[in-house]
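Shown next, in structure tokens, is the structure this report addresses.
The values are calculated or read from the model by the stated rules, or taken from the named source; none is laboratory data. Everything numeric here is computed off the predicted structure, so don't read it as measured data. For neighbour counting, all protein chains shown are included, and Cβ atoms are generated from backbone atoms with ideal geometry for every residue, glycine included. Protein only, heavy atoms only, side chains kept; ligands, DNA and RNA dropped before computing areas. Shrake-Rupley method; radii C 1.70, N 1.55, O 1.52, S 1.80 Å.
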Amino acid sequence: KIWDLAKDFGGNLSDYTVWLLERSMKTLGIRVKAQQRNAKRLAKYLEKHAAIKTVYYPGLKSSEYHSLAKIQMKGYGAMLSFELKDRFDSEKFLKTLTLIKPSMSLAGVESTMLLPSKTSHSLLSESDQAAQGITDQLIRFSVGIETAKDLIKDIEQAISASNLKK
């Protein structure tokens, strides 16, 4: 069975793919550290922001999972979620971002955001989404290696542009 699959799909990677993989692996450690450092800083910033209802990130002491994450993790990852308060238009927020890219999928060296209610959980009914904590205001944020100050500036201008009660 494995032999047939290897004939159909190839038994090894191309030279170019191996070169790209090797090159990426050399900088993986510093990229992950930079992303985690940024994510923690952004989570703290968002947690204090008046436009943000909730931040979900295990690196925050306020997280119900913080104690467990401290035991299980070396760092807290580069993925976080947050909910905008209802007076903000979450779709406009994403469309207004300039540095952070709205995306259909997450992860990479560049920061991306998406609305789970419109992407990964869009096929669920409203009641199923609600049961899983997925609201129209929930944004998933894969934090990249850009300067945290620049990411904050981008979020600030998007929050300002998406405020429905100016």
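The convex hull defined by the C-alpha atoms of the stretch 19-100 has an orientation-averaged projected area of 7.1 nm².
With R₀ set to 35 Å, the beta-carbon distance separating K92 from D8 gives a calculated FRET efficiency near 0.15.
For the stretch 7-103, run through the GluC sites (Glu not before Pro) and keep only the ones in DSSP coil with at most 11 other Cβ atoms within 10 Å of their Cβ.
Sites meeting the loop and neighbour criteria: E64.
For the chain, compute Rh as the Kirkwood radius over C-alpha pairs and then the Stokes-Einstein diffusion coefficient at 20 °C and 1.002 mPa s; write the answer in µm²/s, rounded to an integer.
Reported coefficient: 121 µm²/s.
Each DSSP beta bridge with both residues in the chain is either parallel or antiparallel, and the antiparallel ones are about 85%.
For the chain, take the longest principal axis of its alpha carbons; what is the angle in degrees between that and the long axis of helix 15-48, to the nearest 10 within 0 to 90? In the chain, helix 15-48 runs at an angle near 20 degrees to the longest axis.
Counting only Cα atoms, the stretch 105-156 measures 38, 22, 13 Å along its principal axes, largest extent leading.
With all protein chains kept in place, the per residue accessible area of the stretch 1-111 amounts to 72 square angstrom at a probe of 1.4 angstrom.
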